[in-house]
Amino acid sequence: MVRLYDGGVYLLNGTEIVNTPEEVKAKTGQEASSKTLAKQTMAYSILEQHNISGNMDKLQIKFDKLTSHDITFVGIIQTARASGLERFPIPYVLTNCHNSLCAVGGTINEDDHVFGLTCAKRYGGVYVPPHQAVIHQYAREMLSGGGKMILGSDSHTRYGALGTMAMGEGGPELVKQLLNKTYDINMPGVIAIYLDGEPAKGVGPQDVALAIIGATFGNGYVNNKVMEFVGPGVSKLSADFRIGIDVMTTETTCLSSIWTTDEKIQEYYEIHGRAEDYKRLAPGAAAYYDGMVYVNLSEIKPMIAMPFHPSNVYTIDEVNENTKDVLHDVEQKALVSLGGAVDYSLQDKIRDGKLYVDQGIIAGCAGGGFENICAAADIIRGRYIGADEFTFSVYPASTPIYMELVKNGAVSDLMAAGTIVKTAFCGPCFGAGDTPANNAFSIRHSTRNFPNREGSKLQSGQIASVALMDARSIAATAANKGFLTPATAVDVEYTGKKYHFDSNIYANRVFDSKGEADSSVEIKFGPNIKDWPAMPALPDNLILKVVSEIHDPVTTTDELIPSGETSSYRSNPLGLAEFALSRKDPAYVGRAKEVQAAQKAIEAEQCPAEAFEELKTVMNRIHEKYPDIDRTNVGVGSTIFAVKPGDGSAREQAASCQKVLGGWANIANEYATKRYRSNLINWGMLPFITDAGHEALPFKNGDYIFVPNIRRAVEEKMDVIKAYVVRNGLEEMELKLGDMTDNEREIILKGCLINYYRG
């Protein structure tokens, strides 16, 4: 089904897999080297066209377009304004698909929308009102272009199937583009995703995506690399099918994606009235890849990602054949994910030997596509979901898609079966819509199924579970009144309805400045929209208190700052910070604030030990070896340890909330994604790495770590940084910062990105 190659491979004419340069020479008559032929990938070509450094090993990328949604764009624009923003230098689209339900926090969400509209007018952007489109569907329909690059402040910014290299990053990376700066990275590795065969009837894009995620996430095979989709199987897939696979590449922790393009993608652009944006893309006659994922589409079966991660994959048949064993495995993993905070079991979902599901949802950038919903309608037509606990909701990804589904009768078929069809909204993906009941089990064609992401709260004793599935199998389960069913088990003829895009829907409602800024427009601020607090520069020496210790194999950004109900406070740095780690370590905020009091005393030119009593002993121990340390040359702050933090969302607040609470660093064995590490750096947080395994750390929660000469270490690009755990004496330990660009080091020294651009 899915096979990973041990090393690099060569690809001839986009289809023939070759393992050695000698074979390449034998078949082509030309000398072959991996370094030369790596330049023949599509990814290399696009990156080269957007790189202004003149050095393809050290990239400085200028993107063509930017996009954000209403959980992120306020903070981004506020940061850019504080750094000197005058106008948007490239097209910047502000969509409103996360905080669309203006029912939490009074006027907060709608205030953010008004802020976005006035900023689009003042700075020359595009504003997409609530319920018109989810961020990524609008980008596919209106922003994508062959050979282009788009940067978005959402992790699922992926438009590779349409020939666009897109990346999801934290807000500060968009700020850099708004200020005419660059996105700086080392040249990433490129992994070929070789598609062969053709999907069986009833198998959908989510099935293929989950199979790939299951094979690559745990081993980091594509981590921070570009996934390049090639092979004869690509041509067997429709544009929508490719898009459905592509959007889920984020869950492998790759950096970006790109696909070969053909007449089906050309037709997609023609349907959307943008034929000029199509570009034929393919690797060169001979291309080298750093690895290959071979996918036999013909062998893919309907898949399910059981709680609590998209990589926890099984075939639906496996779950139905071994239900008790699979549920037991899920419960054992939940002991780690949930930390024993609640009693968790799914065994009561077994009814008459079959697995019963409480809720089905098809939604968002992954599930809400035209073909997915049409297929679901075909499956459920003439059937009904029943009058028991099971509910079924469908969210088309944009109003143009919704309109076409109304016209072709799909909405009628769905609603007649008991389905609720709703407007374009990302809420079900992050816990702000269709929250299940306590102990309920939901199946969703959406992007993530992390713990609590569906809206439950461990701290209140509430827990629900989400499994990821394809729209087709969700509809088959709905037709079976909630009993888990693969779409391949349903006898149905798919109608294959053709899509017609109505551009007037956007033309009549979306504000598009056409790039013209109007400085006379006054930005409207709601009372919840707050400026970032002042942040000091990196001091000469640092005293860090470990205020949280997380030993889960992977920590998601949702566990660092919850989604869902916190969304209404994402325009308020201090208000949002109160929720930091609330689902993982509720005592974190209080501990961090205690330490922060010492730093505030330093900034007020007062003795930090007077503000925080326990520092007196710590300072005495430090003075035994470093007698010159005082408030003029030291900073005091908090740090957390996590084994592998930062999987999941690109939202910067996972880092910025720690900074707002006085955090100076994270310590990890490794970072799950580049984007989380970048967020730390952009908020002036040191991304420390320790080689000590999480079971043999030289420090523990509550310990103090003294890092002398940290400023000099950053300035001089030291590989290893000496630090001390402060106990009865100073116990030496080592920390590393890993590879950092000169600009990243300067941002750390200045204290954050805002300070860096203020000069």
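When every residue of the stretch 385-399 is checked against the conditions, at least one turns out to be among the charged types (D, E, K, R) and more than 20 Å from Ala489 (Cα to Cα).
Across the stretch 261-275, the qualifying residues are those that are touching a helix residue (DSSP H, G or I) at 6+ places or on another chain (Cβ under 8 Å) and part of a helix (DSSP H, G or I), and the one among them that is surrounded by the fewest Cβ atoms within 10 Å (Cβ to Cβ) is Ala275. Counting only residues that are outside any strand (DSSP E or B) and closer than 23 Å to Thr632 by Cα, the stretch 704-722 holds 9 of them. The number of residues in the stretch 269-299 being at negative phi and touching a Ser or Thr at 6+ places or on another chain (Cβ under 9 Å) comes to 18. Just one of the listed residues (Tyr183, Tyr159, Tyr194) is among the aromatic types (Phe, Trp, Tyr), touching a residue at least 40 places away in the same chain (Cβ under 8 Å) and within 25 Å of Cys429 (Cβ to Cβ), and it is Tyr159.
Remark: pairs (first residue in the stretch 616-630, buried (at least 17 other Cβ atoms within 10 Å of the Cβ); second residue of a type in the set (Ser, Thr, Tyr); Cβ separation under 9 Å; 6+ apart in sequence or on different chains) = Val618/Tyr704; Arg621/Tyr704; Arg621/Tyr724; Ile622/Tyr704; Ile622/Tyr724.
Just one of the listed residues (Val293, Val326) is in contact with a strand residue (DSSP E or B) (Cβ under 7 Å, 6 or more places away or on another chain) and part of a strand (DSSP E or B), and it is Val293. The strands (runs of 3 or more DSSP E) found wholly in the stretch 127-219 and carrying at least 1 residues that are surrounded by fewer than 24 Cβ atoms within 10 Å (Cβ to Cβ) occupy 149-152, 183-186, 190-196.
For the stretch 249-260, give me each residue that is in contact with a strand residue (DSSP E or B) (Cβ under 8 Å, 6 or more places away or on another chain) and assigned to a helix (DSSP H, G or I). Result: Thr249, Thr250, Thr252.
Among the criteria (1) more than 29 Å from Asp491 (Cβ to Cβ); (2) without any contact (Cβ under 8 Å) to a residue 24 or more places away in the chain, the one Val336 does not fulfil is (2). Considering the stretch 316-336, and only residues there that are β-branched (Val, Ile, Thr) and out of contact with any helix residue (DSSP H, G or I) (no Cβ under 9 Å at 6 or more places or on another chain), the residue that is surrounded by the most Cβ atoms within 10 Å (Cβ to Cβ) turns out to be Val330. Within the stretch 515-528, can one find any residue that is within 28 Å of Gly218 (Cβ to Cβ) and either modelled with pLDDT under 95 or under 29 Å from the mean Cα position of the chain (by Cα) (or both)? Scanning the stretch 515-528 turns up no residue that is within 28 Å of Gly218 (Cβ to Cβ) and either modelled with pLDDT under 95 or under 29 Å from the mean Cα position of the chain (by Cα) (or both). Being of a type outside the set (Val, Ile, Thr), in contact (Cβ under 8 Å) with a residue 40 or more places away in the chain, within 21 Å of Leu151 (Cβ to Cβ) and assigned to a helix (DSSP H, G or I) is true of Cys119.
In the set (1) of a type in the set (Gly, Ala, Ser); (2) modelled with pLDDT of 95 or more; (3) not in a helix (DSSP H, G or I), the condition left unmet by Ala592 is number (3).
Within the stretch 567-574, not a single residue is small (Gly, Ala, Ser), over 30 Å from Phe425 (Cβ atoms) and assigned to a loop (DSSP other than H, G, I, E, B). The residue of the stretch 638-683 that is surrounded by the most Cβ atoms within 10 Å (Cβ to Cβ), among those that are assigned to a strand (DSSP E or B), modelled with pLDDT of 95 or more and among the small types (Gly, Ala, Ser), is Gly663. Being free of Cβ contacts under 8 Å to residues at least 40 places away in the same chain, of a type in the set (A, V, I, L, M) and out of contact with any Phe, Trp or Tyr (no Cβ under 6 Å at 6 or more places or on another chain) is a condition met by at least one residue of the stretch 417-440.
The values are calculated or read from the model by the stated rules, or taken from the named source; none is laboratory data. Just so we're clear, the structure is a prediction, and the values are computed from it rather than from any experiment. Heads up, the Cβs are rebuilt from the backbone with ideal geometry, glycines too, and the neighbour counts pull from every protein chain shown.
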